[in-house]
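J.: Structure provided below as structure tokens; questions to follow.
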Amino acid sequence: MAQKVTAMDIRMAAGLAGQIDNVAQFCRREGISRETFYKWQRRFLQHGVPGLQERSRRPNRSPNQASTAVEKLVLDRRERLVKDGLDHGPEAIVWALRDDSAVDAAAVPSRSTVWRILARHGVITAQPQKRPKSATKRFCFTRPNECWQSDWTQWHLGDGTLVAIAGTLDDHSRYLVGLRATLGAADAELVWSVIMAGIDECGIPSMSLTDNGVVYTGRLRGYESVFEINMRALGTHTVNSTPYHPQTCGKIERFWQTLKKWLRAQPAPATVADLNTLLDWFRNFYNHHRRHRAHHGATPAVVFTATEAARPSVRPLPAPVFVTCTTVDKKTGRLFVAPYDINVGLRWAGHQCHAIRDGEHIVIFSGNRLVRALTADPTRRYQPGDKNTRSYRLREPQPAP
């Protein structure tokens with residue numbers, strides 16, 4: 001049985017050329033050139049068997065390689081970003097250096113140079129299981145407020161107490177319109193408070209996209225949730241993802257990874273109030289300072305304001321949106337929403353209500369409960385009660401286990 005000839009065997013044979021009668025025939029049989037044969041022979045004659053070992057093909061000099069100072073700048077910045085729980089890939093490092101006034105702009109290397117520095121120092125973790133970008137089709141709405149993605153996730157306080165964090169993200173710009181935490185699991189009040197904060201700042205969305213959690217929808221369970229009733233009263237179309245298909249809400253799902261990485265790098269909050277303070281800081285940083293890869297380095301706030309925002313399809317014409325918080329008069333059951341005096345009924349007397357006015361369309365809530373939705377008559381200050389107003393039968397969703 002013929003023995004397989006290894007590369008070292010070929011080199012040894014080339015080195016011991018005196019034992020080979022026909023060099024050309026040997027080279028043809030082993031698939032090597034005569035130049036290679038004589039190269040190994042010279043190495044063997046000069047250095048013996050150690051001379052036949054593989055040698056590095058790296059050039060003695062690399063004039064275009066980044067200097068030691070640039071490498072140190074890149075590695076130090078990456079270490080700082082990792083410590084702060086922020087993105088620390090090549091793009092994030094370049095953007096962080098450009099935004100640092102203490103760093104000379106001319107000294108900031110390109111993304112490819114940063115990648116080579118990180119790879120050379122072994123700080124890049126290969127993830128070959130990830131699909132290439134060409135294998136994923138991205139979808140993005142064309143205008144701000146055209147679609148908001150909402151979801152909630154779990155977290156823990158410093159003593160291990162379970163809390164829920166709810167968030168809402170604008171699909172077009174990735175602008176984080178609302179973010180808030182509460183004890184235990186998410187409930188209807190938490191998710192609605194996030195939506196109200198978003199409307200107060202950004203206006204009313206045309207569409208709302210969520211998963212099939214009980215705090216967002218009751219369609220799979222045979223009822224209409226408080227969240228769906230409220231959004232419909234505002235003129236917002238509600239859509240839910242396919243069950244067990246989180247990719248539909250991929251932007252908000254990916255956001256949780258960014259948020260939790262940052263939270264792990266911070267001192268654990270002792271109370272929900274401390275956690276909400278952290279979330280407020282992060283929301284401001286995420287919207288106004290963190291550059292987004294999907295926007296080629298622009299922040300969500302810049303992208304959100306670059307295009308005219310969409311509106312509910314039932315009211316497409318531009319109109320100012322005002323959110324007010326007042327108390328229903330205890331004697332008359334009326335609520336003042338400038339410039340109108342609206343009758344909501346004595347059953348709501350003394351309740352503190354939020355009113356969202358979109359042009360002449362007014363929707364009033366007490367907490368997360370719909371009080372009244374109407375289109376005001378601009379010719380009169382007093383808006384009487386509507387006896388034909390639809391009465392909603394609400395079924396309170398149970399907290400998720």
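J.: Give me the number: length gained by fully extending ALA69 to ALA273, i.e. 0.36 nm times residue separation minus the C-alpha to C-alpha distance, one decimal in nm.
T.: Gain on extension, ALA69 to ALA273, equals 69.1 nm.
J.: Normalised by the residues of the stretch 175-277, what does the relative contact order come to in percent, with Cα pairs under 8 Å and at least six apart? It would help to have the intermediate numbers written out before the result.
T.: Details: 94 pairs, mean separation 25.5, N = 103.
Answer for the stretch 175-277 is 25 percent.
J.: Helix-derived [θ] at 222 nm for the chain: sum -39500 (n - 2.57) over DSSP H runs of at least 4, divide by residue count, nearest 500?
T.: Values: 11 runs with 130 residues, N = 401.
The per-residue figure over the chain is -10000 deg cm²/dmol.
J.: Which of these, ASP211, ASP274, ASP187, has the largest mean-square fluctuation under a Gaussian network model of the chain (Cα springs below 10 Å)?
T.: With Cα springs under 10 Å in the chain, the top fluctuation among ASP211, ASP274, ASP187 is at ASP274.
J.: At a 10 Å Cβ-Cβ cut-off, how would you order TYR175, TYR340, fewest neighbours first?
T.: On the way: TYR175 27, TYR340 20.
Fewest to most other Cβ atoms nearby, the residues stand as TYR340, TYR175.
J.: Restricting to DSSP loop positions (anything but H, G, I, E, B) with no more than 10 other Cβ atoms inside 10 Å of their own Cβ, which trypsin sites (Lys or Arg not before Pro) remain in the stretch 43-74?
T.: Details: sites: ARG43, ARG55, ARG57, ARG61, LYS72; in loops: ARG55, ARG57, ARG61.
Within the stretch 43-74, the qualifying trypsin sites (Lys or Arg not before Pro) (loop, at most 10 other Cβ atoms within 10 Å) are ARG55, ARG57, ARG61.
J.: Amide H of THR326: which non-local residues (sequence gap of 5 or more, or other chain) have their own amide H closer than 5 Å, using H built in the peptide plane?
T.: Counting only residues 5 or more places away or on other chains, the set is CYS353, ALA355.
J.: Can you bin the stretch 321-383 into rounded, prolate or oblate? Criterion: square roots of the alpha carbon gyration tensor eigenvalues sorted a ≥ b ≥ c, rounded for a/c under 1.5, prolate for a/b above b/c, oblate for the rest. Walk me through the numbers before you get to the answer.
T.: On the way: a/c = 1.86, a/b = 1.25, b/c = 1.49.
Taking the square roots of the gyration eigenvalues as a ≥ b ≥ c, the stretch 321-383 is oblate.
J.: Percent antiparallel among DSSP beta bridges with both residues in the chain, to the nearest 5? Mind dumping the intermediate values first?
T.: Details: 38 of 46 bridges.
Among the beta bridges of the chain, antiparallel pairing accounts for roughly 85 percent.
J.: Applying the Karplus parametrisation 6.51 cos²θ - 1.76 cosθ + 1.60 with θ = phi - 60° to the phi angles of the stretch 61-71, what ³J(HN,Hα) value in whole Hz is obtained for each residue in order, glycine and proline being reported as x?
T.: Using θ = phi - 60°, the values come out as 10, 10, x, 8, 6, 4, 6, 4, 5, 5, 4 Hz.
J.: How high is the FRET efficiency from ALA102 to VAL23, r the C-beta distance, R0 51 Å, rounded to 0.05?
T.: Values: r = 64 Å, r/R0 = 1.26.
Using R0 = 51 Å, I get an efficiency of 0.20.
J.: Could you calculate the contour length gain from LYS330 to THR248, that is, 0.36 nm times the residue separation minus the distance between their Cα atoms, to one decimal place in nm?
T.: Values: separation 82, 0.36 × 82 = 29.52 nm, distance 4.61 nm.
Fully extending the segment from LYS330 to THR248 adds 24.9 nm.
J.: How would you rank HIS296, HIS354, HIS172, HIS288, going from fewest to most other Cβ atoms within 10 Å of each one's own Cβ?
T.: On the way: HIS296 9, HIS354 20, HIS172 23, HIS288 12.
The order, fewest Cβ neighbours first, is HIS296, HIS288, HIS354, HIS172.
J.: From Cα pairs below 8 angstrom and at least 6 apart in sequence, can you work out the relative contact order of the chain, rounded to a whole percent?
T.: That works out to 13 percent.
J.: Ok, one more. If you take volume of the Cα convex hull per residue in Å³ from the coordinates, which of (1) 249; (2) 161; (3) 138 do you get?
T.: Evaluating volume of the Cα convex hull per residue in Å³ on these atoms matches (1).
J.: Suppose each label sits 7 Å from its Cα in the direction of the beta carbon; what would the LYS260-ILE124 distance come out to in nanometres?
T.: Here the modelled spin labels are 2.7 nm apart.
J.: Quick one: among ARG42, ARG264, ARG311, which has the greatest mean-square fluctuation in a GNM of the chain with alpha-carbon springs under 10 angstrom?
T.: Looking only at ARG42, ARG264, ARG311, the largest GNM fluctuation is found for ARG42.
J.: I need the phi-derived Karplus couplings for the stretch 233-243: 6.51 cos²θ - 1.76 cosθ + 1.60, θ = phi - 60°, integer Hz, Gly and Pro marked x.
T.: Along the stretch 233-243, the couplings run 5, 7, x, 8, 7, 9, 10, 10, 6, 5, x Hz.
J.: Could you compute the FRET efficiency for ALA319 and LEU183, with r as their C-beta to C-beta distance and R0 at 51 Å, rounded to 0.05? Don't skip to the answer; put the middle values down first.
T.: Details: r = 38 Å, r/R0 = 0.74.
For R0 = 51 Å, the calculated efficiency reads 0.85.
J.: Of all the stretches in the chain, which is the longest one without any exposed loop site, taking GluC sites (Glu not before Pro) in a DSSP loop (any state but H, G, I, E, B) with at most 15 other Cβ atoms within 10 Å?
T.: Numbers: sites that count: GLU54, GLU308, GLU360.
The longest such stretch corresponds to 55-307.
J.: Ordered by residue, what ³J(HN,Hα) values in Hz, to whole numbers, does the stretch 245-251 give under the Karplus form 6.51 cos²θ - 1.76 cosθ + 1.60, where θ = phi - 60° and Gly and Pro are x?
T.: 9, x, 4, 4, 9, x, 5
J.: Let me ask something else. For a quick check of your reading of the filter: which chymotrypsin sites (Phe, Trp or Tyr not before Pro) in the stretch 236-274 sit in a DSSP loop and have no more than 14 other Cβ atoms within 10 Å? Don't skip to the answer; put the middle values down first.
T.: On the way: sites: TYR244, PHE255, TRP256, TRP262; in loops: TYR244.
Here the sparse-neighbourhood loop sites are TYR244.
J.: Now for a different question. Please report the spacing between the Cα centers of the stretch 203-233 and the stretch 270-301 in Å, no decimals.
T.: If you average the Cα positions of each part, the centres end up 26 Å apart.
J.: If you add up the charges near PRO318, with Lys and Arg at +1 and Asp and Glu at -1, over every other residue whose beta carbon is less than 13 angstrom from its beta carbon, what do you get? Please report the intermediate quantities before stating the final value.
T.: Details: positive: ARG143, ARG311, ARG315; negative: GLU308, ASP358.
Surrounding charge for PRO318 is +1.
J.: Same structure, new question: What nm value, rounded to one decimal, do you get for the distance between THR375 and ARG111 when each label is placed 7 Å out toward the C-beta?
T.: Spacing of the two 7 Å Cα→Cβ label points: 4.8 nm.
J.: Taking neighbour Cβ counts within 10 Å as the exposure measure, how do SER193, SER62 sort from fewest upward? Before the final figure, lay out each step's value.
T.: Values: SER193 18, SER62 8.
So the residues, fewest neighbours to most, are SER62, SER193.
We did not get these values from a lab; they are worked out from the coordinates using the rules stated. For clarity, every value in this text was computed on a predicted model and none was experimentally measured. Please note: Cβ atoms are built from the backbone with ideal geometry, for glycine as well, and neighbour counts cover all protein chains shown.
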